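Just below is one structure, and these are the notes that go with it.
The values are calculated or read from the model by the stated rules, or taken from the named source; none is laboratory data. Bear in mind the structure is a predicted one, so any value in this text is a computation, not a measurement. In this analysis, Cβ positions are derived from the backbone assuming ideal geometry, glycine residues included, and neighbour counts consider all displayed protein chains. Ligands, DNA and RNA are stripped out before the accessible areas are found, and what is left, the full protein with its side chains, is counted by its heavy atoms. Shrake-Rupley method; radii C 1.70, N 1.55, O 1.52, S 1.80 Å.
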Amino acid sequence: MSNKQILEEQIKVQGEIVRKYKAAKESKEKGQNGFSPFHTKLTEKHYEALNDYFSSRSYVSGYSPTTADGELFQLVSNHYYKMYPHLNRWHAHIASFSNAEKRKFPHQKLNHLKNIIDIYLDVQIAEEVSKLLELKAKLNEDESPAAGPQKFILKTPKGTRDFSPEQMALRNSVLDKIISVFKKHGAETIDTPIFELKEVLTGKYGEDSKLIYDLKDQGGEILSLRYDLTVPFARYLAMNKITNIKRYHIAKVYRRDNPSIARGRYREFYQCDFDIAGAYDPMIPDTECVKIVYEILKVLGMDQFIIKLNHRLLLDGLFEACGVPKDKFRSICSAVDKLDKSPWNEVKKEMVEEKGLEESVADLIGEYVQLNGKEDLVEKLLKDERLLKSKSAVDGLEAMKLILHYCTFYGISEKISFDLSLARGLDYYTGIIYEAVLTGDAGGDSEFSVGSVAGGGRYDNLVSMFDSKHKQVPCVGVSIGIERIFAVLEAKYAAANKKIRTTEVQVYIASAQKNLVEERMKLCNHLWNEGFKVEHSYKKNPKLLAQLQHCEEYGIPLAIILGESEIQRGVVKLREVTSRNEVEVPRTQLVDEIRKMLQKSCMNGTC
């Protein structure tokens, strides 16, 4: 066999390997196709993936060890795992069990291990695809230049996506509505680089810091992609000595998270932030931020939602009153933050088994963090003897009482809930915190029934971290989860089978006869100069039916039809595309008539 034949055979075999792993990933019953994660030789990529996996779990299947932990423990046999803190923590947990105890671990079937199998398969697929591409590149090198370009797999990176014209039209429409709300409240906009010095971002996000994307050394600067827009904003304020500003910022951020495209969770995504910086009286700017969330969800047609409110001082006071050691406040707060996704018994297990909290203390916390209500709950807690012993808890409750009072004047009380389970895990919050959650079904798809679409709060100490004199600039803000909103709206449009206009063309210049391309060009130029959005065919002699079908396909409201007799008489035929009504209009009156008909189209919802 020739070298080329050998390479082609290797490519064929490698292609089958890739297909096998992809089939295993797509299989509903994990463990089919003979794949088991515990029969795989670990690589550096596997260690990285496992470290991410254990960042949110105590054991393979959650908060209780199973036989899967024992099998994986045998696989992680060298000391390479010690470079990865979360994997190292898990390894130490399993090592603390005796062999007899490990044999008593409950049995775990392969088809119950979907999450960890998917992680292994993602790594394996990437490695096998890389081998396939290397073989194809080698074959390409061995062939003559005439053999054509190398073939390779076209895909977007994990956690990212392309957007079609229809999707972009929807996105731009949503963003325009959000910006109009921001501007209505007097905000101005800024922009910052997509990457920052790593030291700017480090230590601001608590346990989520592991999700920051680090870049390679760039000429002596260690850089990371921005994780959110809040920390760069604080850096901007400190660097430019700004003490008062009301700003909005819409831009991309990056997180090395486990993505879920269907649920609007990506590794590259837009955030829409609104923040008020400055020293003002308590809860006045904070309430306006909550009002802005309310207005945005209303203007986007999302009527079924609730805005949860809580206060970091109250949480700290609650932890203090229940007996949580002060050095564990943030880690316990991070555990409480998972109550929107996990039941209390799992959160309690994390507090006790992973965070080292006494079970009696966790039980006390559980009595509080499962409460929610309105002003009546505040009054009830203000009479709680345990909480009254903590100044922090009392201050937090008084702040909650004030913001709930202010919410009545903005007419948003019916959508507000005082919820003690709300924690907002980021380290920089210091006061009021809030989160908007969808509570209704969207498009008949239960996957979108519930979900957080906005969140924020007060962060008074963040700017001082960047100021050489530690000057404090109080700030409060909100971030709109725009990707989640897009996912919900896309589901709604798909369910309603509603077509989205992808262009804003108002008038199409069509010709009914041949050799009129110059006349079309002259009329296009005239209408462009008048400020209209106009297009025509790029063919010299297009068929009239094809031109009118183009108008219908793209939702263009008006068409001007040119013919030789009309040109000679100084008139044109102006056609409403949807109704197919035509009127003959003198060229001198065309601009006014177009404006009149466009206004009519907009009133009918077809402009």
Requested in this report: For the chain, calculate the relative contact order in percent as a whole number, restricting contacts to Cα pairs under 8 Å that are 6 or more residues apart.
Outcome: 11 percent
**Report entry** Tail weight of P(r) past 15 Å, computed on alpha-carbon pairs of the stretch 350-432, percent
**Finding:** 66 percent
Report task. Rounding to the nearest 20 debye, state how big the charge dipole of the stretch 271-417 is about its Cα centre with +1 on each Lys and Arg Cβ and -1 on each Asp and Glu Cβ. Result -> 60 debye
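Counting Lys +1, Arg +1, Asp -1, Glu -1, what net charge surrounds residue 515 among other residues with beta carbon under 15 Å of its beta carbon?
Values: positive: 514, 520, 522, 539, 540, 543; negative: 518, 519, 564, 566.
Value of the local net charge: +2.
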Requested in this report: List the residues of the stretch 496-511 whose backbone N lies under 20 Å from a point placed 7 Å from the Cα of residue 553 along the Cα-to-Cβ direction.
Outcome: 498-511
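Counting Lys +1, Arg +1, Asp -1, Glu -1, what net charge surrounds residue 54 among other residues with beta carbon under 11 Å of its beta carbon? Provide the component values of the computation, followed by the final result.
On the way: positive: 57, 89, 210; negative: 52, 69, 354.
Summing Lys and Arg as +1 and Asp and Glu as -1 gives 0.
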Query raised in the report: So for the stretch 492-607: antiparallel DSSP bridges make up what percent, rounded to the nearest 5?
Result: 55 percent
Report summary line: Sorting 116, 556, 105 by the position of each Cα along the dipole of the chain (Lys, Arg +1; Asp, Glu -1; all at Cβ), the one nearest the positive end of that ordering is 556
Query - Heavy atoms of residue 168: accessible area, 1.4 Å probe, square angstrom to 10 - result: 70 Å²
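Using the beta-carbon distance between residue 243 and residue 299 and R0 = 35 Å, what value does 1/(1 + (r/R0)^6) give for FRET efficiency, to the nearest 0.05? Spell out each step's value before the answer.
Values: r = 31 Å, r/R0 = 0.89.
Computed FRET efficiency for residue 243 and residue 299 comes out at 0.65.
Arrange the residues 52, 162, 395 by how much accessible surface each exposes, largest first, with a 1.4 angstrom probe. Display every interim value, and only then the final one.
Details: 52 35, 162 120, 395 60 Å².
The ordering from most to least exposed comes out as 162, 395, 52.
Go through 413, 511 and list them by solvent-accessible area, largest first, probe radius 1.4 Å. Write down the numbers at each step before the final one.
Working: 413 35, 511 0 Å².
Solvent-accessible surface, decreasing: 413, 511.
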Query raised in the report: Rounded to the nearest 0.05, what FRET efficiency is calculated for residue 517 and residue 161 with R0 set to 45 Å and r the Cβ-Cβ distance?
Result: 0.70
Requested in this report: Provide Rg and Dmax in Å for the stretch 307-397, with only Cα atoms included in the calculation.
Outcome: 12.5, 35
Query raised in the report: At residue 97 and residue 74, where each label point lies 7 Å from the Cα along Cα→Cβ, what is the point-to-point distance in nanometres?
Result: 1.4 nm
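Calculate, in nm to one decimal, what residue 497 and residue 591 gain on full extension: separation in residues at 0.36 nm each, minus their alpha carbon distance.
Details: separation 94, 0.36 × 94 = 33.84 nm, distance 3.49 nm.
Here the segment from residue 497 to residue 591 would lengthen by 30.3 nm.
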Query raised in the report: What's the local net charge at residue 234, with K and R +1, D and E -1, over the other residues with C-beta under 10 Å away?
Result: 0
Report task. Between residue 222 and residue 13, with labels modelled 7 Å along Cα→Cβ, what's the label distance in nm to one decimal, could you check? Result -> 4.4 nm
**Report entry** Cα-projected label distance for residue 584 with residue 408, points at 7 Å along beta-carbon direction, nm
**Finding:** 6.9 nm
Report summary line: quick shape note, the stretch 483-607: Cα extents on principal axes in Å, largest first -> 55, 29, 26
Query raised in the report: Which whole-Hz couplings ³J(HN,Hα) result when phi for each residue of the stretch 378-388 is put into the Karplus expression 6.51 cos²θ - 1.76 cosθ + 1.60, θ = phi - 60°, listed in order with x for Gly and Pro?
Result: 4, 4, 5, 6, 5, 9, 6, 4, 5, 6, 4
Query raised in the report: Name the residues of the stretch 555-574 whose amide N is less than 13 Å from a point 7 angstrom out from the Cα of residue 526 along the C-beta direction?
Result: 560-563, 566-574
Query - Among beta bridges that DSSP assigns inside the chain, antiparallel share in %, nearest 5 - result: 80 percent
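Suppose every K and R has +1 on its Cβ and every D and E has -1 on its Cβ; what is the size of the dipole of the chain about the Cα centre, in Debye to the nearest 20? Before the final figure, lay out each step's value.
Details: 88 positive and 86 negative charges, 211 e Å.
For this selection, approximately 1020 debye.
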Query raised in the report: How much accessible area does residue 466 have with a 1.4 Å probe, in Å² rounded to the nearest 10?
Result: 50 Å²
Query raised in the report: Which three extents, in whole angstrom, do the alpha-carbon atoms of the chain cover along their principal axes, largest first?
Result: 97, 83, 50
Report summary line: Farthest towards the positive end of the dipole of the stretch 194-290, among 203, 251, 266 and with Cβ unit charges of +1 on Lys and Arg and -1 on Asp and Glu, lies the Cα of 266
Requested in this report: Could you tell me which of 478, 503, 10 has its Cα farthest along the dipole of the chain towards the positive end, charges placed at Cβ (Lys, Arg +1; Asp, Glu -1), taken about the Cα centre?
Outcome: 10
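What FRET efficiency would be calculated for the residue pair residue 191, residue 504, taking the C-beta separation as r and a Förster radius of 41 Å, to the nearest 0.05?
Values: r = 25 Å, r/R0 = 0.61.
It comes out at approximately 0.95.
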Report task. For the stretch 489-510 and the stretch 49-99, write down the distance between their C-alpha centroids in whole Å. Result -> 50 Å
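Of 528, 344, 90, which has the most accessible area and how do the rest follow, probe 1.4 Å? Walk me through the numbers on the way to the answer.
On the way: 528 125, 344 50, 90 0 Å².
Final ranking, largest accessible area leading: 528, 344, 90.
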**Report entry** With all protein chains modelled, accessible area of residue 255 [1.4 Å, Å²]
**Finding:** 50 Å²
